[in-house]
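Reading through the structure tokens given below for one structure.
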Amino acid sequence: MSELKEQLKSQIIEQLNLEDLTPADIKNDSPLFGDEGLGLDSIDALEFIVLLDSFYGIKIEDPAAAREIFHSVDSMADFIESKK
Amino acid sequence: MKIIGHSYINPRGAFLNGQNVSIATEENYLKKYFSELEIDYPKFYKMDLLSKGSFLGDYLLRDSYKDLLHVENELQFIFANSSSSKETDIRFIESYEIKKNPSPSLFVYTLPNILTGELAIKHKWFGENIFFILTKFDSNFFIDQIEMSFLRGNEYCLCGWVEMKGAPEDECFMFLVAKSEVVNDNLSNKLNEILNTYRNE
Amino acid sequence: MKCYLKYGAIISPLGDSVEEHYSAFFENKSGIKKEEKTGFNAENLFLAKIEGLGNSRYDTLLKQACEKLIENYSSSFLQNPKTGIIVSTTKANLAAIPLDTFESTRKIIDEIIHTFSEPVIISNACISGVLAVNTAADYIQSGKFNQVIIIGIDALSDFIIYGFQSLFALSNEACRPFDKERKGISLGEACGILVMKNTPDEDFNVEVLGGASSNDANHISGPSRTGEGLYRAINKTLERSEVSKEEIDFISAHGTATLYNDEMEAIAFSRLGLCHIPTNSFKGYFGHTLGAAGIIEIIMCMVSMEKNVLFKSIGYSEIGTTETLNIISENRKMEVNTVLKTASGFGGGNAAVLLKCIQ
């Protein structure tokens, strides 16, 4: 699971072009969206949908419903595990 | 009109009102200036080069804004460069041609005026904004635009020449101008002098 | 100093003259149609595409429009040192990447129109066209120029299409601005040219009363939930024009047909007490043509004023915003004297201009 989380962080940095950040800058449980944490927004949620599809083969049809899944690295990892 | 502050950023240094405030030797100089300034603004990492450069140039000018009144409505952004958002354009093309996934987070930065949006969000300023494409920095052009802006009723112009495409000659030159009764015929020459001094540092 | 607008040229899928556009609009003909395999995954998209532009679409379109302009204006007018030129475009000739995408614009203008001064290029997303008209008015009022040529242009490209697809912003049918069933944008391409002068002609003139822009200060790509920037841009425009809102006969809205844009506009119009004024979006005819939009839509506002007809907002049948607007559902004869044109776009920009017909 922790391996998955580290991998996710690298993929987030790659997918969102956050090359100034390192995986260590992203905490497992801090919110990815909003003004705290990484300050991501709805456009980045679209990138996460692409990320889940291209790296994990998981398709999300409704971008709005995915907000909870994308709350943090923890919640994304839980979701990916549950789909395995 | 009166210049009340100016800043300059390039891959070698960051400057405020003629004074050097940081020196860089590393490739990622924007990240270096950002961390030195200890700004808490996570959105910075998502920005393209144009927005990052102007965000830092604007932050350097923060003391110049302190005593200004009505900035939220009466300050206009006048920005320009020669290559628009070319660096991000190329990266977006790569996202669909090579990575086979058109990237929305890159696409939203494929317009040069996005940097004015970022500055407006940061300050909560609702004033006018415009972005021009010029072949090179032209002080007379900026002076004309500033004069016309003041005639329309604005009181300040935050201007910028932001040519950033990941090249050694990248630069972000910003200057803040206030409306004033003082007639200054040589402002255009003065702007050229300021920029040339920065370029030769 | 007063500023007057005249037709320059217009090329879209609906024709290559103002007269052709008038008859197409009179018949409520749309330039949008299904184009096979144009999407990133070879989807069939609804686009307003001009036939016969070939591979260098932007350059060809710009050349055609400039040729039309010189048919109607003398070289002594166009090449006068007191004639300025402004170009509104978001992406110009994208095909030139990694080289200069704006070089061909300057070259084509120099070769065909041969203006004395270099073109001033405005690239400020979807509000570029309205900003270009407001900037032209500034030039005339400051006395720097006596007349200004204003070109608005953008061409379709994979870049633009895939970009809007990646944002899930495209409609899977022809766009339906302000409608309950609207699903997003239809992209288009066009070139429009206006000519602004400091003296009126004997026949029909449209005066630019005033204009303004304002930033939402909210999000770089999403419309403000409160319509703050548009509200302020219109308010400032009314103040600068010294016109009361009761005088406005018609609003040519931005109306891209995305859920959030149209809702944002409705909120701003409601906050300003403008909901009862007949309103349309021309996007159902032209699609969204980005840097050309403001210019070609102002040309159609001028047609409305000249012919005294309000054009139906095509794609609209039932209101789909929380505030009820007076969307024009059928062409209607009416005296149209004062028109408000608005635009909103990426980067949080909003712009407005007030036009008045002087017969």
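The values are calculated or read from the model by the stated rules, or taken from the named source; none is laboratory data. Computed from a predicted model, the values in this text were never measured in an experiment. Quick reminder, even Gly has a Cβ in these numbers, built from the backbone with ideal geometry, and neighbours come from all protein chains shown. Each accessible area value is taken on the protein alone, full model and side chains, heavy atoms only, with ligands, DNA and RNA left out. Shrake-Rupley method; radii C 1.70, N 1.55, O 1.52, S 1.80 Å.
Residues of segment B:92-114 that are open to solvent by less than 20 Å² (accessible area, probe 1.4 Å), more than 8 Å from chain C (Cβ to nearest Cβ) and hydrophobic (A, V, I, L, M, F, W, C): B:Leu106 alone. Of the helices (runs of 4 or more DSSP H) lying entirely inside segment C:52-136, those containing at least 3 residues that are of a type in the set (A, V, I, L, M), crowded, with 21+ Cβ neighbours inside 10 Å and more than 14 Å from every other protein chain (Cβ to nearest Cβ) span C:57-72. Considered as a group, the residues in segment C:214-231 that are in contact with a Leu (Cβ under 8 Å, 6 or more places away or on another chain) and at the interface with chain B (Cβ under 7 Å from one of its Cβ atoms) include one that is farthest from B:Glu72 (Cα to Cα), and that residue is C:Ser221.
Does C:Asn235 satisfy the condition of being within 14 Å of chain B (Cβ to nearest Cβ), of a type in the set (S, T, N, Q) and without any contact (Cβ under 8 Å) to a residue 60 or more places away in the chain? Here the answer is yes, as C:Asn235 does meet what is asked. Quick one: in segment B:148-168, which of the residues that are part of a loop (DSSP other than H, G, I, E, B) and either facing chain C (nearest Cβ under 9 Å) or among the charged types (D, E, K, R) (or both) is most open to solvent (accessible area, probe 1.4 Å)? Result: B:Lys165.
Of all the residues in segment C:32-47, those that are open to solvent by 70 Å² or more (accessible area, probe 1.4 Å) and either not assigned by TED's automatic domain parsing to the domain that holds C:Asp158 or not in a loop (DSSP other than H, G, I, E, B) (or both) number 2.
Residues that are free of Cβ contacts under 8 Å to residues at least 12 places away in the same chain, part of a helix (DSSP H, G or I), open to solvent by less than 20 Å² (accessible area, probe 1.4 Å) and of a type outside the set (S, T, N, Q) do occur in segment B:43-61.
Residues are listed down the side, and each one gets a yes or a no for (1) assigned by TED's automatic domain parsing to the domain that holds C:Thr105; (2) more than 19 Å from the chain's Cα centre (by Cα):
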position: C:Gly192; (1), (2): yes, no
position: C:Gly210; (1), (2): no, no
position: C:Ser224; (1), (2): no, yes
position: C:Lys236; (1), (2): no, yes
position: C:Arg240; (1), (2): no, yes
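Can you tell which of C:Phe311, C:Phe346 is within 24 Å of C:Cys126 (Cβ to Cβ) and open to solvent by 10 Å² or more (accessible area, probe 1.4 Å)? Result: C:Phe346 is the single residue among C:Phe311, C:Phe346 that is within 24 Å of C:Cys126 (Cβ to Cβ) and open to solvent by 10 Å² or more (accessible area, probe 1.4 Å). Note on segment B:131-147: residues that are open to solvent by 10 Å² or more (accessible area, probe 1.4 Å) and within 7 Å of chain C (Cβ to nearest Cβ) total 2.
Hey, can you tell me all the residues within segment B:49-82 that are among the polar types (S, T, N, Q), within 9 Å of chain C (Cβ to nearest Cβ) and over 16 Å from C:Pro98 (Cβ atoms)? Passing the criteria: B:Ser51, B:Asn73, B:Gln76. Checking the stated criteria, C:Ser313 turns out not to satisfy the condition of being out of contact with any helix residue (DSSP H, G or I) (no Cβ under 8 Å at 6 or more places or on another chain), more than 25 Å from C:Ile151 (Cβ to Cβ) and not basic (Lys, Arg). Annotation note: of A:Glu19, A:Glu36, the sole residue that is surrounded by fewer than 21 Cβ atoms within 10 Å (Cβ to Cβ), touching a helix residue (DSSP H, G or I) at 6+ places or on another chain (Cβ under 9 Å), more than 7 Å from every other protein chain (Cβ to nearest Cβ) and closer than 16 Å to B:Ser51 by Cβ is A:Glu19. For the structure I just gave you, tell me whether B:Ser85 is buried (at least 24 other Cβ atoms within 10 Å of the Cβ), more than 7 Å from chain C (Cβ to nearest Cβ) and not β-branched (Val, Ile, Thr). Yes: the conditions hold for B:Ser85. The conditions of being over 25 Å from C:Ala233 (Cβ atoms) and of a type in the set (Gly, Ala, Ser) are not met by C:Ala132.
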